[in-house]
Amino acid sequence: MLALSHYNSTSPLLPFSNNDSEGTLEARVAVAEVQQQGNLTFDLPPTSGAVVVILSMTLGIISNIVALFILVNAYSLQRRRSKASFLLFASSLVVTDFVGHVIPGALVLRLYLHGGVRPEAFNTSDGMCQFLGGSMVFFGLCPLFMGCAMAAERCLGVTKPLLHSSLVTKTRTKTCLFVIWLAALCVALLPCFQLGSYTYQDPGTWCFIKVLRDTEEVDVAFVVLFSGLGLTSLAVALVCNTISGLTLVVARLRRQPGSHHSAKSHDIEMVVQLVGIMVTSCICWSPLLIFGLMLAIRSYTGSIGDDLSSYKSLMVMGVRLATWNQILDPWVYILLRRTVLRKIYLIAKCQAGLRGNKLGRWEPTSFHSSEKKEVNQV
């Protein structure tokens with residue numbers, strides 16, 4: 001998580017010496033008066049910001065490692081092709097989140113420890129800013145693309161299982177992952193070809209696409225591309241997950257009370273996890289995607305006016321939420337597993353007194369009994 005809080009601090013008054021000449025004394029008095037009025041202030045990241053970055057990085061690393069262990073263990077025990085493809089996608093997503101949490105977090109921590117970048121340098125961009133900005137774009141688009149691909153794969157598996165079994169293979173899944181990483185990398189590298197630019201953002205501890213100052217046509221086009229791809233991925237995932245969920249609900253309601261289709265328990269678990277990923281991505285990424293697009297257009301048209309400080313706050317809030325996505329994603333796999341869902345179902349059933357009514361169709365025995373050993377090991 002990028003801890004982007006800041007505070008205003010003034011330089012101490014310059015001491016006066018008896019040896020000062022008249023001109024030097026007048027200059028020192030003038031500087032002291034200006035400083036007392038608070039006109040020479042600098043936005044510096046507080047020391048506590050580095051502590052917050054370290055704590056959030058630790059939480060993110062632990063969460064992703066635990067989720068990766070669960071997914072890899074489940075993948076090694078899985079024999080169903082559809083489930084194996086989903087676990088391969090999910091494991092790749094967790095690995096991407098892990099790397100995307102460590103690399104930008106380490107760069108932000110380095111900026112904090114060096115006091116950040118001065119406001120007058122916000123419009124500049126060095127090699128570190130280029131790398132940090134590109135990392136944020138790359139590791140931002142990858143989870144959104146993967147969530148969209150996973151939702152589309154599950155929608156095909158639920159609605160057209162025969163077509164899914166013939167189209168989706170391990171090799172094609174790996175190819176799809178490679179294409180996703182390559183596409184995100186191509187977008188992140190566009191500023192290297194003068195198609196957009198990265199600059200330091202307030203309070204000088206992170207870099208992103210130029211959206212607030214001196215925005216040009218290529219910057220607006222870059223933001224439109226980045227935000228458009230992200231929002232489109234979220235929209236496609238929403239549609240696919242809705243279709244998958246409705247299909248499973250209709251199939252469950254049409255099923256005879258005495259019959260059991262254990263294979264559906266896999267689909268239920270995967271769709272529930274996909275919904276969790278989608279909700280997390282929407283909450284964490286939508287503000288930054290929308291705010292960035294809105295501010296770039298306003299900056300280009302010159303309509304920001306006196307609301308610059310408010311827009312800075314919006315960008316800081318947006319990037320804070322976006323960085324939480326890499327912390328929350330692993331908990332979707334940790335918490336939304338069948339063993340956890342069964343316990344939640346049993347508790348809810350006991351509390352609500354649902355024994356004997358039609359909702360009894362959702363008996364926990366529908367989760368395949370032969371997989372209890374696998375669940376306990378995971």
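Every number here is computed from the coordinates shown, using simple stated rules; none is lab data. Remember, predicted model here, so these are calculated numbers, not experimental data. FYI the Cβ positions are ideal-geometry reconstructions off the backbone, even for glycines, and counts take in every protein chain you see.
What residues qualify as long-range amide H neighbours of F208, i.e. H under 5 Å apart, gap of 5 or more or another chain, H built at 1.01 Å from N?
Placed amide hydrogens put T199, Q201 under 5 Å from F208.
Answer with one residue from L341, V316, G302: the one whose Cα lies farthest towards the positive end of the charge dipole of segment 287-341, charges on Cβ with Lys, Arg +1 and Asp, Glu -1.
L341
Among the listed pairs K210/K312; K174/K343; K83/K160; K160/K349, give every one whose C-alpha distance is greater than 22 Å.
Numbers: K210/K312 12 Å; K174/K343 34 Å; K83/K160 15 Å; K160/K349 32 Å.
Listed pairs above 22 Å: K174/K343; K160/K349.
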